[in-house]
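A.B. asks: Let me begin by handing over the structure; questions about it come next.
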Amino acid sequence: MNTCGRLDEHAKERKSFTKQAYAPGLKGPGPLGRIDFGNPALKPMLRMMADNMKKDTRAYHPPEGLRLRSLSVDNGNGRQIWCFVMEPEGEETRSLPGMLYCHGGGFFLPLQVPALRLAAKYAAALHMRIFLPEYRLLPEHPAPAAFDDCLAVWRQMMVRAEALGLDATKILLYGESAGGALAAGMAQQLLAECDVRPVGQLLIYPVLDDRCGRYASMEQSVDVAWPRSSNEQMWREYLRDITSPAAPLVPLRTDYSALAGLPPAYIEPQEIDILHDEAVTYAEALTAAGITVQLNEVSGSYHGFDAESDNAFVSRVIQRRLCAMKTMLESSSRQPRP
């Protein structure tokens, strides 16, 4: 496992989460992680919040040189999935590398502007098309709805690659937080089906396991961006119709021997995050299965820290991600496709 160095500009030693020892320059987390998404009394407020987020995404204008468009994707059962596409301007007829971006939000919240800002940076730097599906959300749609929607978008990207301007041999999977569970699970599902696979997976502070008590970082959950109580509530709601949770819906519930053959991975745990240890555990499992893994443990950072995408500290982390993406895309040109 290649750690590619640790972004350790703040602290050499791991510190208690309760001290909130954030890296200099970071503003600190917002209040979203402290909301009880399972509280019925909060449903009207949460619905209004989600509606406002959707309005913001539709009003977003990307930087010069990029365009943001939308398209409707058939999920295979006659239902349409709304999907944003971030892409370079003037490249409508050219085949470009692509990425499926599974956004975070605890399976409760829709695509948000910070994800679009990150997608814009990735699309501009790597000259690629990035697809961001608006998958179905809790509380109305528990698992496997979100997973099925993202998988349907992936399959349409493959089937319609030429029409969508995609080089199907150079497609990445990207997931942040809850989207990390979707991206990691999709990589496992595509491998099991011997389907067309991504050339790399990027998992950013990913949610990977519903068995919260297995990880020491879960105990250090006081006053952090995403507390254990919210994480447990999220999993209860997401898996409420699932009798026996298993992979790919819960990526770390997989048989580790089945991981061989997965695409290279970039995994990014944040130091001050209850999810830190499960991200490291998954990186170790992939490495043991012979998968190339770049583990970038970011010191002084917290869940959702990259919402400040123009922050100098965040910009350096983004450069690490871009480096990993570029390596994956370039390596795909030298490897035979399955």
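Values in this text are rule-based calculations from the coordinates and carry no lab data. Small disclaimer: the values here were computed from a predicted structure and weren't measured. A quick note on method: Cβ atoms are made from the backbone with ideal geometry, for glycine too, and the neighbour counts reach across all protein chains shown.
A.B. asks: Please list the non-local residues whose amide H lies under 5 Å from the amide H of F108, H modeled 1.01 Å from N, same-chain partners needing a gap of 5 or more.
C.D. replies: L138
A.B. asks: Could you pull out every residue, at least 5 positions away or on a different chain, whose amide H is within less than 5 Å of the one on E134? Hs are placed 1.01 Å off N in the peptide plane, and Pro or chain starts have none.
C.D. replies: Distant-sequence amide H within range of E134: W82, C83, F84.
A.B. asks: Using the basic label-point model (7 angstrom from Cα toward the beta carbon), what is the M49 to D36 distance in nanometres?
C.D. replies: 1.4 nm
A.B. asks: While we're here: Take the Cβ-Cβ distance between E64 and M1 as r, set R0 to 51 Å, and report the resulting FRET efficiency rounded to the nearest 0.05.
C.D. replies: Details: r = 39 Å, r/R0 = 0.76.
With R0 = 51 Å, the Cβ-Cβ based efficiency is 0.85.
A.B. asks: Next question. For H303, H141, what ranking results if the residue with the fewest other Cβ atoms within 10 Å of its Cβ goes first?
C.D. replies: Arranged by neighbour count, lowest to highest, H303, H141 become H141, H303.
A.B. asks: Please report the equivalent ellipsoid semi-axes of the chain, computed as sqrt(5 x eigenvalue) of the Cα gyration tensor, largest first, in whole Å.
C.D. replies: Those come to 27, 23, 22 Å.
A.B. asks: Which stretch or stretches of the range 246-272 have amide N atoms under 20 Å from the point lying 7 Å from R316's Cα along the Cα→Cβ direction?
C.D. replies: Under cut-off, by backbone N: 267-272.
A.B. asks: Please state the relative contact order of the range 17-332 as a whole percent: Cα pairs under 8 Å, 6+ residues apart? Provide the component values of the computation, followed by the final result.
C.D. replies: On the way: 630 pairs, mean separation 66.0, N = 316.
Once normalised by length, the contact order is 21 percent.
A.B. asks: Next question. Hey, what number do you get for the chain at 222 nm if only DSSP H runs of n ≥ 4 count, each worth -39500 (n - 2.57), divided across all residues, to the nearest 500?
C.D. replies: It comes out at -10500 deg cm²/dmol, rounded to the nearest 500.
A.B. asks: For a footprinting-style exposure proxy, rank D223, D241, D209, D277 by other Cβ within 10 Å, fewest first.
C.D. replies: Working: D223 14, D241 11, D209 23, D277 18.
Ordered by Cβ neighbours within 10 Å, fewest first: D241, D223, D277, D209.
A.B. asks: A further question on this structure: Determine the distance separating the Cα centre of the range 174-225 from the Cα centre of the range 272-328; give it in Å without decimals.
C.D. replies: Spelled out, the Cα-based centre of one part sits 12 Å from the other.
A.B. asks: May I ask you to list the trypsin sites (Lys or Arg not before Pro) in the range 264-338 that are in a DSSP loop and have at most 11 other Cβ atoms within 10 Å of their Cβ?
C.D. replies: Values: sites: R316, R320, R321, K326, R334; in loops: R334.
For trypsin sites (Lys or Arg not before Pro) across the range 264-338 that sit outside H, G, I, E and B with at most 11 neighbouring Cβ atoms in 10 Å, the list reads R334.
A.B. asks: A further question on this structure: Of all GluC sites (Glu not before Pro) in the range 55-139, which ones are in loop regions per DSSP and have a Cβ with at most 13 other Cβ atoms within 10 Å?
C.D. replies: Loop-located and lightly packed - E64, E89, E92.
A.B. asks: Scan around I171 for amide H atoms under 5 Å from its own, H built in the peptide plane at 1.01 Å from N, and keep only partners 5 or more places away or cross-chain.
C.D. replies: G98, V199
A.B. asks: Also: Counting Lys +1, Arg +1, Asp -1, Glu -1, what net charge surrounds R240 among other residues with beta carbon under 13 Å of its beta carbon?
C.D. replies: Counting the neighbours of R240, the net charge comes to -4.
A.B. asks: With an 8 Å Cα cut-off and a minimum separation of 6 or more residues, compute the relative contact order for the range 230-293 in percent.
C.D. replies: 30 percent
A.B. asks: Something else now. As a footprinting exposure proxy, order M218, M49, M99 by other Cβ within 10 Å, with the fewest listed first.
C.D. replies: With the fewest neighbours first, M218, M49, M99 line up as M49, M218, M99.
A.B. asks: Something else about it: What share of all Cα pairs of the range 226-338, in percent, falls into each consecutive 5 Å distance bin?
C.D. replies: Taking every Cα pair in the range 226-338, the percentages come to 2, 10, 15, 19, 19, 18, 11, 6, 1, 0.
A.B. asks: Subtract the Cα-Cα distance of K27 and D74 from 0.36 nm times their separation in residues, and report this length gain in nm to one decimal.
C.D. replies: Length difference between fully extended and current span is 12.9 nm.
A.B. asks: Something else: Label points 7 Å out from Cα along the Cβ direction at A125 and D223: separation in nm?
C.D. replies: So the label points at A125 and D223 sit 3.2 nm apart.
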